[in-house]
Amino acid sequence: MPLTFRHLVSASQITRPDADFLVDRSIAMEEVLAGSGSDVLKGKILATLFYEPSTRTRLSFETAMYRLGGQVITADGIGSSSLKKGESIEDTMRMAGAYADCIVMRHPQSGIAEVAAGASPVPFINGGDGGNEHPTQGLLDLLTIQRERGTRSGLHVAFGCDPKHSRTIRSLVRLLCLYEGNRFTFIGPPSLRMSDDVLSELKQRGVAFEETDDPRAGVTADVLYMNRLQQERFEDPAEFERLRRNYVLTASMLQGSTVTIMDPLPRVDEIAPDVDLLPNAAYFRQARNGLLLRMALLESMLAA
Ligand code: NCD
């Protein structure tokens, strides 16, 4: 099935048939991984341009490409790129698109992915633009919810503890809105509440949500999606220091709870290491799902 988008900038572009297809195709990719891989992307080259640190996103995109028979070129954006020399993002895209068949970019500036996609002569994928969006993380989170809970509708999903700055929360909320009966709890202090644009989308769609500063509020949900406080997006470093240990999930808080615990990682202070031993701690399985999802996405966007 062809996807409805050529470039992937925001989760808002993804239709329910797109999401359904990608979840199913990702699960089928287990067979490719169990076998000797595939050569469906033989002759294709992916350019990875990361102007902000990345471990999982970059490694899983690059691995996905190799597992499907493709190849990768990369520019270490931090320190060595033409952007540092003053090149516009549009020129960088034109240039990378002249070498590669697809571009994945991460950048600290919110909204720049849309500009980059507009200038890209080849399919472009947003690997995270500032605090705005991270649509492939949203898709792999949706895949994880499906695999852990057996459904992606009718769920109570709690998000902690920095809804304001977390691009992964913004993307996942938008994708979960494609399915009936999901409702949300946003956990965080008043200064880190979810931004009005997302809340008004929820109101418009008639999706139920609540906001609370009680760190225990997620324990009775179906899914508790944690994310570190996004230190690099705080205007005031003192505020980050004041809040960083306010919201720490521990195994004792989760006693008797069957909630699925997710985190896009890296985990910093928000989940104590004793939670890792619980069978419902899904975050390392979630990270592996990133490989399957990116294989499915690259195959769909690039295979002839
Ligand atoms: C997330 C990101 O970059 O937004 N990481 C990731 O892609 N797995 C979450 C984070 O950095 O906290």
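Would it be correct to say that L68 is modelled with pLDDT of 95 or more, within 16 Å of the ligand (Cβ to nearest atom) and closer than 15 Å to R294 by Cα? If you could, list the steps in order and put the result at the bottom.
Values: modelled with pLDDT of 95 or more: yes; within 16 Å of the ligand (Cβ to nearest atom): no; closer than 15 Å to R294 by Cα: yes.
So L68 does not fit the description; no.
Return a yes/no flag: does region 155-167 have any residue that is assigned to a helix (DSSP H, G or I) and closer than 25 Å to R106 by Cα.
yes
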Review point. If you check every pair at least six apart or on different chains, which have Cβ atoms under 8 Å apart with a residue in region 256-271 that is within 9 Å of the ligand (Cβ to nearest atom) first and a residue that is outside any loop (DSSP other than H, G, I, E, B) and basic (K, R) second?
Key: P264/R56; L265/R56
Practice item. Would you mind finding the one in I125, I103 that is within 16 Å of the ligand (Cβ to nearest atom), buried (at least 17 other Cβ atoms within 10 Å of the Cβ) and assigned to a strand (DSSP E or B)? Key: I125
Practice item. Residue by residue through region 106-122, note down the ones that are within 16 Å of the ligand (Cβ to nearest atom) and either buried (at least 24 other Cβ atoms within 10 Å of the Cβ) or not hydroxyl-bearing (S, T, Y) (or both). Key: R106, H107, P108, Q109, G111, I112, A113
Exercise for review: Output the residues belonging to region 128-147 that are β-branched (V, I, T) and either within 15 Å of the ligand (Cβ to nearest atom) or open to solvent by 20 Å² or more (accessible area, probe 1.4 Å) (or both).
Suggested key: T136, T144
Exercise for review: Restrict the check to region 193-214 and report whether at least one residue is within 16 Å of the ligand (Cβ to nearest atom), open to solvent by less than 20 Å² (accessible area, probe 1.4 Å), outside any helix (DSSP H, G or I) and in contact (Cβ under 8 Å) with a residue 24 or more places away in the chain.
Suggested key: yes
Exercise for review: Would you please name the residue that is least open to solvent (accessible area, probe 1.4 Å), looking only at residues in region 14-58 that are at pLDDT below 95 and of a type in the set (F, W, Y)?
Suggested key: F50
Point to revise | Matching option when the condition is under 30 Å from Q231 (Cβ atoms) and either open to solvent by 40 Å² or more (accessible area, probe 1.4 Å) or without any contact (Cβ under 8 Å) to a residue 60 or more places away in the chain (or both), among A75, A11 | key: A75
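The values are calculated or read from the model by the stated rules, or taken from the named source; none is laboratory data. Everything numeric here is computed off the predicted structure, so don't read it as measured data. Note that each Cβ is placed from the backbone with ideal geometry, even for glycine, and that neighbours are counted across all protein chains shown. Side chains included, ligands, DNA and RNA excluded: accessible areas come from the protein's heavy atoms. Shrake-Rupley method; radii C 1.70, N 1.55, O 1.52, S 1.80 Å.
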